[in-house]
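Notes follow once the structure below has been shown.
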Amino acid sequence: QVQLVESGGGLVRPGASLRLSCAASGFTQTIGRMGWFRQAPGKEREGIACITFSGSNIRYADSVKDRFTISRNNDNNTVYLQMNNLDPADTAVYYCAAKFAYGNMCPTTRSGFEHWGLGTQVTVSS
């Protein structure tokens with residue numbers, strides 16, 4: 001079975017940075033599309049970033065644009081999310097997502113993905 005395992009979350013002060021990782025395993029074909037979502041208590045799950053296999057198409061939600069950077073290493077099947085200038089509004093459980101897809105489409109909607117990690121907590125507080 002395909003498994004996605006997030007790591008790198010924690011408690012940080014406003015303005016700090018974190019780097020999340022998501023290791024994928026158990027797949028039999030290349031994962032063409034990977035993304036990051038987050039869900040704060042009482043709120044809907046929000047798609048914040050997507051990246052295609054080659055990295056030729058990257059998409060961000062307005063809430064994280066210019067602060068977060070998604071990247072991937074296809075040699076070790078890992079996707080990353082570099083988060084800079086964190087704000088308390090970024091506090092949420094962050095989920096990694098993937099889909100076996102091809103082409104250059106890269107959505108930030110739940111329907112655009114089919115495999116999910118269990119999440120890692122990010123808390124930004126002073």
Discussion item. Loop only by DSSP, 16 or fewer other Cβ within 10 Å of the Cβ. Give me the GluC sites (Glu not before Pro) in region 1-94 that pass, ordered by residue number.
Written reply: Glu44
Worksheet item: Using unit Cβ charges (K, R positive; D, E negative) and no other charged atoms, how large, in debye to the nearest 20, is the dipole of the chain about its Cα centre?
Response: 60
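Give, as a single signed number, the net charge of other residues whose beta carbon lies under 12 Å from the beta carbon of Met105, with Lys and Arg counted +1 and Asp and Glu -1. List each step's numbers first, then the result.
On the way: positive: Arg33, Arg59, Lys99; negative: none.
For residues surrounding Met105, the net value is +3.
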Worksheet entry | Gaussian network model of the chain, Cα within-10 Å springs - most flexible of Gly26, Gly55, Gly112 | Gly26
Worksheet item: How about region 20-116: which chymotrypsin sites (Phe, Trp or Tyr not before Pro) there lie in a loop by DSSP and see at most 13 other Cβ atoms within 10 Å?
Response: Tyr102
Worksheet item: Of Asp66, Asp75, Asp87, which is the most mobile in a GNM of the chain whose springs link Cα atoms less than 10 angstrom apart?
Response: Asp75
Practice prompt. Report the residue, chosen from Ala40, Ala92, Ala16, that carries the largest GNM mean-square fluctuation when the chain is represented by alpha-carbon nodes joined by springs under 10 Å.
Written response: Ala16
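Each reported figure results from applying straightforward, stated rules to the coordinates on display, with no laboratory input. Note that the coordinates shown come from a computational prediction; the quantities given were computed from them, not determined experimentally. Methodologically, a virtual Cβ is constructed for each residue, glycine included, from the backbone with ideal geometry; neighbour enumeration extends over all protein chains shown.
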